[in-house]
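The values are calculated or read from the model by the stated rules, or taken from the named source; none is laboratory data. Keep in mind the model is a prediction, meaning the values are calculated, not measured. Positions of Cβ are backbone-derived with ideal geometry, glycine not excepted, and every protein chain shown enters the neighbour counts. SASA here: full protein model, heavy atoms, side chains in, ligands and nucleic acids out. Shrake-Rupley method; radii C 1.70, N 1.55, O 1.52, S 1.80 Å.
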Amino acid sequence: MAVCVNSMRTEPDRYASVYPCGYGFRNAANNPRRQPLTWWGPTAAKLDAAARSHTEEMAQKNYFSHNSANGESPFARIARFGYPSGYVGENIAAGQPSVLSAALAWMCSSGHRANVLRCGYDEFGSGFASRQGSQYGAYWGQNFGCSKSDGSCNSCGANPPPAPPKPSAVPAPAPAAPATPVATQAPAPPAATPAAPAPAPKPTPTPRPTSAPLPWPLPGFFKPPAPAPAPKPTPAATPVATPAAAPAAPAPPAQNAPAPAPSAPAAGLPASWTGSTIPGDGVWWRPIASGSALAGPVGRDVRYQASTFAVSSSGAYNVTAVATGGWDNYCFVYKGEFKSDAARTNLVKGNDDFPDVGACGFAKLPLDAWPATYTLVVTGYGRPNAGAYAVSVAGPGDVAKKE
């Protein structure tokens with residue numbers, strides 16, 4: 001989700017032909033130009049953990065609201081996870097079958113779009129959960145924040161907007177409401193009023209931003225969950241207001257601006273999934289990152305979980321695994337067959353602390369297109385390190401995870 005949303009924030013013209021509502025907001029989306037939001041690091045990880053916690057609770061307890069089941073507000077929830085600033089925002093959505101469809105729905109709602117494009121945020125986290133039998137099936141969440149306690153973040157530049165995009169081979173769909181309810185925590189007066197009830201239209205497939213159809217997903221690989229049946233008309237969730245910020249501080253000099261995220265090569269449909277090394281797939285003796293040797297005693301009998309995936313186009317992909325709660329995880333990517341008792345065989349690369357404890361992964365990792373397959377192994381640095389995690393893989397082609 002991080003790569004997809006940052007792509008819409010920094011290169012909104014890329015999706016001009018597939019916004020379900022059309023692209024009447026082009027000028028506002030491009031002026032000023034936005035920098036990518038940071039989605040890794042110690043403070044962004046707290047936003048990520050809060051978003052994952054809330055989406056998982058909505059799926060498990062079968063409800064859709066900014067407030068937690070116990071009445072806790074988004075602000076209190078994000079603060080409980082240790083975020084250092086009160087300058088935060090939240091978007092949630094339910095029922096969309098993919099990251100792309102959820103992001104497009106947010107961009108077609110003014111309140112959600114304002115959160116995605118806001119210059120006063122410099123980082124964000126995301127969450128996803130699904131549960132069969134729940135009202136909407138899939139639940140999505142984003143938490144945005146300014147990492148500076150005084151709210152002086154500025155993630156916008158002064159570059160002029162690009163030239164209008166050339167016509168695409170894919171016709172833009174007629175304006176339509178999002179397939180399922182979405183809600184936002186866009187800044188508004190504290191006494192925000194609920195939106196008027198509106199019937200939920202039947203879900204419609206979102207065209208992918210390309211004119212060449214691909215035989216994808218592959219047989220035996222993960223397919224996005226089917227949209228849940230259209231619910232009976234219900235009121236849209238009430239927007240939650242962001243605390244009023246102090247008078248805006250002057251924009252900091254460029255050299256003091258938040259460091260931008262790695263340039264995202266994404267053009268295809270990314271994939272994200274969650275897992276846990278408890279119990280996982282067992283224990284193994286992990287190698288060191290280079291694969292030149294097995295780790296010392298600290299790397300023996302460590303829990304792990306392996307996931308196989310493939311990509312539709314060769315190129316550079318961003319692969320990340322963020323540990324829930326910040327436990328010290330370690331990532332390894334294998335090409336072709338993976339055997340835990342032959343941990344150095346077929347190893348492409350390993351990584352620890354990307355960029356800090358609690359996340360591992362690879363920026364612009366070269367991957368070959370199907371029929372090549374890859375296995376991502378998420379494990380711990382040592383025997384005590386284990387727990388849940390969330391994976392994101394995105395790049396120039398579509399990504400599919402094996403079932």
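Key figures for this structure:
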{"quantity": "About the Cα centre, charge dipole magnitude for the stretch 295-403 (Lys/Arg +1, Asp/Glu -1 at Cβ), debye", "calculated": "180"}
{"quantity": "Spin-label model distance (nm) - S73 vs K61, 7 Å beyond Cα toward Cβ", "calculated": "1.8"}
{"quantity": "Approximate spin-label separation E337-A372, in nm, with each point projected 7 Å along Cα-to-Cβ", "calculated": "1.9"}
{"quantity": "Heavy-atom accessible surface of the stretch 304-396: percent carbon and sulfur, 1.4 Å", "calculated": "47"}
{"quantity": "Portion, in percent, of the accessible area of the stretch 42-144 that falls on carbon or sulfur, probe 1.4 Å", "calculated": "49"}
{"quantity": "Entries of K46/K349; K46/K402; K335/K401; K339/K402; K364/K402; K46/K148 with Cα pairs more than 25 Å apart", "calculated": "K46/K349; K46/K402"}
{"quantity": "Ranked packing of 370-381, 297-308, most packed first, by mean Cβ within 10 Å", "calculated": "370-381, 297-308"}
{"quantity": "Amide N proximity, the stretch 375-390 versus D353 label position 7 Å along Cα-to-Cβ, cut-off under 19 Å", "calculated": "379-386"}
{"quantity": "Relative packing of 142-148, 341-347, 19-25, which averages over residues the other C-beta atoms within 10 Å, highest first", "calculated": "142-148, 19-25, 341-347"}
{"quantity": "Whole-percent pair-distance distribution, where bins are 5 Å wide, for the alpha carbons of the stretch 352-403", "calculated": "4, 13, 26, 24, 16, 12, 5, 1"}
{"quantity": "Size of charge dipole - the stretch 283-340 - debye, nearest 20, with Cβ of Lys, Arg +1 and Asp, Glu -1, no other charges", "calculated": "100"}
{"quantity": "Protection proxy ranking, peptides 117-127, 33-43, average beta carbon neighbours within 10 Å, highest first", "calculated": "117-127, 33-43"}
{"quantity": "Per residue accessible area in Å² of the stretch 1-111, where ligands, DNA and RNA are left out and the probe is 1.4 Å", "calculated": "31"}
{"quantity": "Pairwise label distance in nanometres, W285 with R383, each label 7 Å out on the Cα-Cβ vector", "calculated": "1.4"}
